[in-house]
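Trainee: First, the structure itself, so that you have it in front of you.
The values are calculated or read from the model by the stated rules, or taken from the named source; none is laboratory data. What you see is a predicted model, and the numbers here were worked out from it, not measured in a lab. Cβ: placed from backbone, ideal geometry, glycine included. Neighbour counts: every protein chain shown.
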Amino acid sequence: MKKIIKNGTIVTATDIYSADVLIDGEKIQAIGQNLSDIYAEVIDASGCYVMPGGIDPHTHMDMPFGGTVTADNFETGTIAAAHGGTTTIIDFCLTEKGKSLKSALEKWHAKSAGKAAIDYGFHLQIAEANEEVFKEMPQIIEEEGVTSFKIFMAYKDVLQADDETLFQTLITAREHGGLVMVHAENGDVINYLTIEALKEGNTEPIYHALTRPPELEGEATGRAARLTALADSQLYVVHVTCKEAVEQIAEARSRGYRVFGETCPQYLVLDQTYLEKPEFEGAKYVWSPPLRDRSNQEILWNALKSGELQTVGSDHCSFNFRGQKELGKNDFSKIPNGGPFVEDRFSVLFSEGVKKGRISLNEFVNIISTQAAKLFGLFPRKGTIAPGSDADIVLFDPEVERTISVETHHMNVDYSALEGFKVIGEPITVLSRGDFVIKDRQFVGNPGKGKFLKCGKFNHDSHKETGKAEDLINR
Ligand code: URP
Ligand code: ZN
Ligand code: ZN
């Protein structure tokens, strides 16, 4: 079935122009003026931007964590993502020590197959350094289409891996075309500070933030960057929150190292005071790293603008307030860490970024879609509007004013961390590989229609930064 999108303004990471888009089946066939095809359904995009679908490089669907399981699974989470203008997610597959990497992927395929409404890929956690793991990693890259590997430097005794694991993962990734991702916080020191806080009777949600100061994010980010330089490898730092971490990434990049960074909408618009809300409501804002002092927000925006940070992921990891966040009622360290953002990532970045003049329209598309496609080996299939690319397209009305609320969102969670937040702009119609998933704001897709995406290897040519390891190590 063919479709032609007419009367819209196409926006990519590099261009803004008026043209029609002809879609044949799953792909964009042509872009041009006054396109016509008698067999094509015409979609009127008057007043809308025609943008590549958002790519969210950081989600946790159906994930066991903190003594419970995230509230959104691949069905509810991807439907919510589609409502929010996202047509691809890359989800984190957790591994179990002593079990094969392949068995972890099988588990994640079982969770997602037949459920996802949009396309999805996986990052794979590396939990421990052993011979089997590093023998299997190259096969995973070559055969499974999973090319990005996540190391948690925090969550001691749960997910945390040691520096040897990080270093060996970096070396294996360099040799086989992988990209290493880190949750950069010093988990050992956080563990000590947490025990001390609890000993003193400090159990409220705010102590989650006070026991995870920004210095510990900066320290871990710098450590990971230096190990990356030593291994001559490539690193992607997830959910960057603060000046201390941005500085480490900027410095590594200024020396030519292949270090990339992501921040999240929550760090761009919320701050640490939310954890002080009374009646345990602060628990709604407990995730890691924690929300920071407001002064960090402009630092993060500037880093996105300057290209020191490349992407905005949602870190969508939803837990209900009732029954799930409440697990930590008398002990902040037992509050499941995570928040619901997959639906609002696109609109918050547009409204707070483009509408407030912090980033340009092209930069918005680059950050919300194109850069993630390039970093995770999906470009140009995803991340742009061009002949031959998948027809993952958002018709976005840039003038609608609306208020984010649990009453209207589609995420399977009983609160919005952005309740009452006003945004300008809304995805009206969303296509995934040529099919409508959202039409005039209504979900019309099919859970199960989303396909697993094999990601390509890390492409050095898309990211020219190279450098000499000694510079960074000798400082
Ligand atoms: O608190 C968070 N961010 N939960 C999800 C797991 C992670 O650290 O990304
Ligand atoms: Zn994390
Ligand atoms: Zn996460």
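Trainee: I need the full set of residues from segment 343-375 which are within 17 Å of residue 78 (Cβ to Cβ) and not small (Gly, Ala, Ser), in order please.
Mentor: 343, 344, 345, 346, 368
Trainee: Would you call residue 192 in contact with a His (Cβ under 8 Å, 6 or more places away or on another chain), under 25 Å from residue 213 (Cα atoms), among the hydroxyl-bearing types (Ser, Thr, Tyr) and modelled with pLDDT of 95 or more?
Mentor: No.
Trainee: Let me ask something else. State all residues of segment 38-73 that are within 25 Å of the chain's Cα centre (by Cα), away from ligand 3 (no atom under 16 Å from the Cβ) and either assigned to a strand (DSSP E or B) or among the aromatic types (Phe, Trp, Tyr) (or both); if no residue qualifies, say none.
Mentor: Answer for segment 38-73, where residues must be within 25 Å of the chain's Cα centre (by Cα), away from ligand 3 (no atom under 16 Å from the Cβ) and either assigned to a strand (DSSP E or B) or among the aromatic types (Phe, Trp, Tyr) (or both): 49, 50, 51, 52, 54.
Trainee: For a quick check of your reading of the model, give me the residue pairs whose first member lies in segment 280-296 and is touching a residue at least 12 places away in the same chain (Cβ under 8 Å) and under 20 Å from residue 262 (Cβ atoms), whose second is among the polar types (S, T, N, Q) and buried (at least 24 other Cβ atoms within 10 Å of the Cβ), with beta-carbon atoms closer than 9 Å and at least 6 apart or on different chains.
Mentor: So the pair list comes out as 285/266; 287/266; 289/241; 290/241; 291/241; 291/266; 292/241; 296/241.
Trainee: Follow-up. Could you list, in sequence order, all residues of segment 257-299 that are of a type in the set (A, V, I, L, M) and either at positive phi or away from ligand 2 (no atom under 16 Å from the Cβ) (or both)?
Mentor: Hits for segment 257-299 are 259, 268, 269, 270, 275, 283, 299.
Trainee: For segment 93-111, indicate whether the set of residues that are under 17 Å from the mean Cα position of the chain (by Cα) and either among the aromatic types (Phe, Trp, Tyr) or more than 15 Å from ligand 2 (Cβ to nearest atom) (or both) is non-empty.
Mentor: no
Trainee: Still on this structure: What tally of residues in segment 236-249 results from selecting those that are within 16 Å of ligand 1 (Cβ to nearest atom) and either farther than 22 Å from residue 316 by Cβ or hydrophobic (A, V, I, L, M, F, W, C) (or both)?
Mentor: Number of matching residues: 5.
Trainee: Same structure, new question: Output the qualifying pairs, or none if there are none: Cβ atoms under 8 angstrom, residues six or more apart or on different chains, first residue in segment 225-253 and under 15 Å from residue 310 (Cβ atoms), second residue of a type in the set (Phe, Trp, Tyr) and within 16 Å of ligand 2 (Cβ to nearest atom).
Mentor: 234/260; 235/260; 236/260; 237/260; 239/267; 240/267; 249/260
Trainee: Could you please tell me which pairs satisfy a Cβ distance under 6 Å, a separation of 6+ or placement on different chains, a first residue in segment 383-406 that is closer than 13 Å to residue 427 by Cβ and among the aromatic types (Phe, Trp, Tyr), and a second residue that is modelled with pLDDT of 95 or more and assigned to a strand (DSSP E or B)?
Mentor: Close Cβ pairs satisfying both conditions: 396/49; 396/51; 396/427.
Trainee: Residue 327 - would you say it is of a type outside the set (Ser, Thr, Tyr), within 16 Å of ligand 1 (Cβ to nearest atom), touching a Phe, Trp or Tyr at 6+ places or on another chain (Cβ under 7 Å) and over 23 Å from residue 79 (Cβ atoms)?
Mentor: Answer is no for this residue.
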